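Here is the structure we will look at, set down as structure tokens.
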Amino acid sequence: MSTSKEYRDFILEQLNLLDDITCKSMMGEYLLYYNSILFGGIYDSRVLVKIVDSNKKYNMKEQIPYKGAKPMYLIEDIDNKELLKEIIIETCKNLPIKK
């Protein structure tokens, strides 16, 4: 099941506290970047971020974005814009910049 454009737009609105958020469509889902760093995506209407040392403190649940993929963390409280911002910044601390 793919994510709707309406849900994508809702998530992008929730991320408006962060400058330089970009979204790239990929096979019915969406990859999310912050300052050119791929930190996660929207998969089946779920916001998932990569698992890194700096975001383990949030005790998020692991989920598989799609069959055969590595587990990622599920952000459940997508209505809390401040928490979303904090999680994304912490996640990007341990990730490389997109080439």
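The values are calculated or read from the model by the stated rules, or taken from the named source; none is laboratory data. None of the values given here were measured: they were computed from a predicted structure. Positions of Cβ are generated from backbone atoms using ideal geometry, with glycine treated the same way; all protein chains shown enter the neighbour counts. What goes into the accessible areas is simple: the full protein's heavy atoms, side chains included, and nothing from ligands, DNA or RNA. Shrake-Rupley method; radii C 1.70, N 1.55, O 1.52, S 1.80 Å.
Going by the conditions given, is residue 58 closer than 17 Å to residue 85 by Cα, over 9 Å from the mean Cα position of the chain (by Cα), surrounded by 12 or more Cβ atoms within 10 Å (Cβ to Cβ) and among the hydroxyl-bearing types (Ser, Thr, Tyr)?
Numbers: closer than 17 Å to residue 85 by Cα: yes; over 9 Å from the mean Cα position of the chain (by Cα): yes; surrounded by 12 or more Cβ atoms within 10 Å (Cβ to Cβ): yes; among the hydroxyl-bearing types (Ser, Thr, Tyr): yes.
Criteria met by residue 58.
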### Query
Checking residue 26 against (1) without any contact (Cβ under 8 Å) to a residue 60 or more places away in the chain; (2) over 16 Å from residue 69 (Cβ atoms), which test does it fail?
(2)
### Query
Would region 44-64 turn up any residue that is more than 14 Å from residue 95 (Cβ to Cβ), outside any strand (DSSP E or B), among the polar types (S, T, N, Q) and without any contact (Cβ under 8 Å) to a residue 12 or more places away in the chain?
yes
### Summary
Residue set 18, 31, 12; condition surrounded by 14 or more Cβ atoms within 10 Å (Cβ to Cβ), at pLDDT 95 or above and in a strand (DSSP E or B); output residue 31
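Within region 65-88, track down each residue that is outside any strand (DSSP E or B) and aliphatic (A, V, I, L, M).
Matches in region 65-88: 69, 75, 78, 83, 84, 87, 88.
Can we say residue 3 is out of contact with any Leu (no Cβ under 9 Å at 6 or more places or on another chain), among the β-branched types (Val, Ile, Thr) and either part of a strand (DSSP E or B) or modelled with pLDDT under 95 (or both)?
Values: out of contact with any Leu (no Cβ under 9 Å at 6 or more places or on another chain): yes; among the β-branched types (Val, Ile, Thr): yes; either part of a strand (DSSP E or B) or modelled with pLDDT under 95 (or both): yes.
When the stated conditions are applied, residue 3 passes them.
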## Note on the structure
Residue pairs qualifying under the 9 Å Cβ cut-off, at least six apart or on distinct chains, with the first in region 73-95 being open to solvent by 70 Å² or more (accessible area, probe 1.4 Å) and the second being modelled with pLDDT of 95 or more and among the aromatic types (Phe, Trp, Tyr), are 86/58
